[in-house]
Each structure stands twice: as C-alpha cells, then as structure tokens.
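Notes follow the structure.
The numbers here are math on the coordinates, done by the rules we state, and not lab data. Please read all numbers here as calculations on a predicted model, not as lab measurements. Here the Cβ positions follow ideal geometry from the backbone for every residue, glycine too, while neighbour counts run over all protein chains shown.
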C-alpha cells in the first residue's frame, strides 16, 4: 500500500502504483482535505466571488452562476470538457493519473471535497480504469480533456475497463461497488485542472529512460568488446578533466562493466584512437544522465505541487482566482530535454550497429556478421537489422520538434499561451520506446560479434548475454529477423540493467 500525502511522492512510487499497487491518503492528507474544503465552504457562504464556483469557466467567467446551479455547473464541466480523441491511454498511465490528481488534492489548498478525492483512490484500488483518449490537451488550465474523461465514471458517464472488460462508467462503478458522487463546490474543476496527463506519461517515460540509460552503458560496453575498443576514453582522469556529473558516472560504469574484458584494452601503436561512437560514449551517455536527473527533479516538484486555480491558503487565508499553477511549461521543457537526450543515445547506438556489420569498420568481423558456416550472398546476416535501426532513428528525428514551443491560443484568447505539455510527454515516451528498439538491435549484433570472435563477454555483462542467448541462439543461417529483435526487446524490458 503506497501513501498519498500531497508531498514526497516520487517517480518510483508512482511507477509501483501504475503497475498495480494500491494507494491511500495519509492521516495528515485527510486532515488537509477536510480543512481546505471547510475553508471553501465558508467562502461560498460569505458570498466571496470564486472563479468556477460562482462564475462560468474560461472566457465565460463573466457569467454568474447561482448556488442553485452549482452542482449542474460542476457536472456540465466534466461532460463538456471530455472532448478527447484518439486511442485509449494504457492502463498504467491512467492509474498514474488517478494517483497524481489525488496527490494534488491532498495538498488541501484546492478546496476539493474529501469525498471527491477519496473517489479517485477508490477507483484506483478497485481496478476501475477509466477510458481516457490520448489526444486533446494543450497543457494549460490543466490537461482538461483527458482529466475530464478520467473522472466521468464518478458521475456515471464515459467508459472504463474493469478486469479487462469494457463497460460504461456507470456500470463499472456499480460492479466495483462504488457510489457516484454529487460534484458540489468546486469538485468538478478541482478534479481536472492540472498537469496529470503530462506527468503520468512523463514520469513513466522517465522511469523507462533511466533504466534504458543504464542499458545503453551495458550495450555500448558490449559493442566495445566486439570491436576491441580502447579503455582510456573512460579513464577517471579523462572524466575529471571535464567533470559533468553524468560523464563521471558513465565513465565509472564503463570501467565497472568492462572489468576483466579480454578485448577492451589500453591503446597500442596500431590503434591510438577510436571512432567517436566508441570514444565519446561517456560524453553522450553522460549528457543523457544529466538530462534525466534534471527531468526527475522537475517532475517530482510538479507532481507534489498544487496544480490548480483557484487556490485557497490554509495557513494565512490567502485566496486567488488568478494563479497559473495548472500551466505545464516546466514539465514540458524537461520532457523535451529528456526526449532529446534519449534520441541522441539512439543515434549513437545505430552508428555502432552500422560499424558492427560493415567489414570496413568492424576490425575483421565478417560482413553483416554472417556466420562462417553460412554462405555470404545466399545469406544476408544482419544486413536489414541495421536498416531497421536506421529507420527508427529517422523517425525519432522526424519527431524531434519540441512540444513545449507549440503554443496555439485557446478559449477565445483568454488562454493565449499554452505549453502543449502532453505532446512533450508523449514525445519522451516515444523516444524511450524507440531507443529500446534500437538498442535491442545493437545488443543482437554485439552478441553475435562476440560469438564470432570466440570470446566471452566481461563478467559484468555475461548475465545479460546469457539472458539474450536463452531467447536467441547464435545465428548460423539466416532466420526470420523480426522475432529475434522482439526477443532482445523483451530482455531489455524484462530484466534490470547490469
């Protein structure tokens, strides 16, 4: 059981919730929820004008709404804003959205009712997964469309999945034994006015990326073994001469991973320098490490923040209908940064793939790593695997335009700058998945090359090579290539990096 406290939530905990762990509010979070809702209730009773409670939404904020119409206002908000399109988001991302919005409400300063907040965790824990279309948010005034779809089942609308079955929202809630909630006060707007589609996709992409960076170090080390790379490029003295933290750590990891290697050796008279796809592994992977660390810091601030408007201070009585904390620029820029870094890892990985299959650059290996028992010409070896890597890198480059600069004004120009943060998050997730595919190809090629060399991998790399060989044997004759790449992808997804 994971705690939701309105503070202290990290990406690793969110990953466990996304994967199926239940969650609960801490006692302190419940107390803040009750205090914040009481504060809002008192302000309403005093006749204080409050955006989205006594007024309409967006450019309709000049329209007054009476107390008698409050519930209809909140319910209609959810229905009208559920304008998303596209494929449903994966279950893990939707579970993350539920937990993240609950964590925002647990700050207590959004004025949401405890009932509305508890309903999010009740859906999460009962396995009710709302159907949330992936497209439709601009990332300002919240990820409005996806979050509206997320909470439609709470008012008996929309669709959801329960135990793998697609149901209407009303039927899913009923089967799970959950009650619909009335949506009073500002519950409707409080449930949808934040960056939780962005951060749900983004945090899970970051978790993927962080693991893939470690895999990138391992697979690059394996390629260095296959190509007889030089070990002074990751000497500690080199790293300390340009002391970016990521480069220092990547260099340390390469020393650890190649310890005991029979192929990654000191420079010699016949070979003083390597190509940059080998020599600059610490600089490129190190830069990705630094980008990942920055992205984590930004995301973990974002997911513990009050992403909402209006806000109601608990300690000092502060009230504002003019905050912009729903705006996802910080997360968008961090996720674009992460996507750039992961793309660079894929670009470099593909260059090593090309070196491994090319007899002009692979230091004596057969063309396309065709086994000596096979006949070149009749066999093509891993020729087209490198084509696939090239295609994947080209698609990454095609998607390289940042999402965070794509502002298109909305809401009759009252929202005249929007960050398109979900686009940045989706781009980062795509970059992570594509990097995994490219590195799986490099993994296959490097393992084949090592077998052709006739020597074992360095001790730290042997478990990974063994896991691959359990799924994919040495290729002695041409075989259907796609399933072999998929098997390598499964290894990268299914086991921790060395």
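Where both bridge residues fall in segment 2-194, DSSP classifies roughly 75% of the beta bridges as antiparallel. Evaluating kT/(6 pi eta Rh) at 4 °C and 1.567 mPa s, with the Kirkwood radius of the chain over Cα pairs in the Stokes-Einstein relation, gives 53 µm² s⁻¹. Axis of helix 383-398 versus longest Cα principal axis of the chain: the two differ by about 30°, to the nearest ten degrees. Judged by the mean number of other Cβ atoms found within 10 Å, the most tightly packed of the peptides 379-390, 212-223 leads the ranking 212-223, 379-390. Relative to the longest principal axis of the Cα atoms of the chain, the long axis of helix 91-105 makes an angle of roughly 50 degrees. For residue 76 and residue 493, the FRET efficiency from 1/(1 + (r/R0)^6), where r spans their Cβ atoms and R0 equals 41 Å, is about 0.45. Taking the fewest neighbouring Cβ atoms within 10 Å as the starting point, the ordered list for 253, 30, 166 is 166, 30, 253. Measuring r between the beta carbons of residue 374 and residue 470 and using R0 = 22 Å, the FRET efficiency lands at 0.45. A straight line joining the Cα centroids of segment 331-392 and segment 104-170 runs 42 Å. Normalised by residue count, segment 2-194 yields a Cα convex hull volume of 106 Å³ per residue.
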